[in-house]
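The next block holds one structure in the form of structure tokens; read it before the comments.
The values are calculated or read from the model by the stated rules, or taken from the named source; none is laboratory data. These figures come from a predicted structure and were not determined experimentally. For accessibility, only protein heavy atoms count, side chains too; no ligands or nucleic acids. Shrake-Rupley method; radii C 1.70, N 1.55, O 1.52, S 1.80 Å.
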Amino acid sequence: MHITQGNWQATINPERGSLGLTRTQAVDIMLLAAGNTYKEIAKATGRSPETVNGSLKKAYHKLHVYKAAGAVAEAMRRGWIAPLLVALMVSGLNPDTEAMRHRPPVRTRQQVSASRTVARRDTGSVYA
């Protein structure tokens with residue numbers, strides 16, 4: 001059975017206790033692959049961040065990984081999730097990657113110049 005979330009598609013196994021991801025785990029992994037945090041996934045799915053954390057920990061255990069990046073990579077390697085071809089075609093048509101960024105840059109403050117301290121050293125001191 002295939003489900004889609006955003007630009008991702010997942011293959012799930014609806015039988016309980018079987019190999020593969022459950023619907024909830026697949027949605028969480030797809031949202032994680034899209035770059036969302038646990039809090040953003042919780043808000044998008046209407047659950048608490050602790051519930052999302054528990055669901056993803058169970059998915060990590062199934063995938064035999066410890067971190068989010070490893071979970072996404074392993075799920076893609078096993079064919080359990082995959083990006084939709086439409087998203088790949090659109091990103092290939094638009095070479096401007098800055099236009100596709102959905103989060104502001106992390107460093108927004110300007111670098112403070114050290115010229116003030118250098119100028120003071122050049123003028124010398126009254127006490128010297």
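Quick one: ranking GLU40, GLU50 by accessible area, 1.4 Å probe, largest first, what do you get?
Values: GLU40 75, GLU50 135 Å².
Largest accessible area first, the residues go GLU50, GLU40.
For GLN9, nonlocal amide neighbours, meaning residues 5 or more places apart or on other chains whose placed amide H falls under 5 Å from its own, are ALA82, LEU84. On the full set of protein chains, 1.4 Å probe, figure out the accessible area of MET1 and give it in Å² to the nearest 10. We get 120 Å² for MET1.
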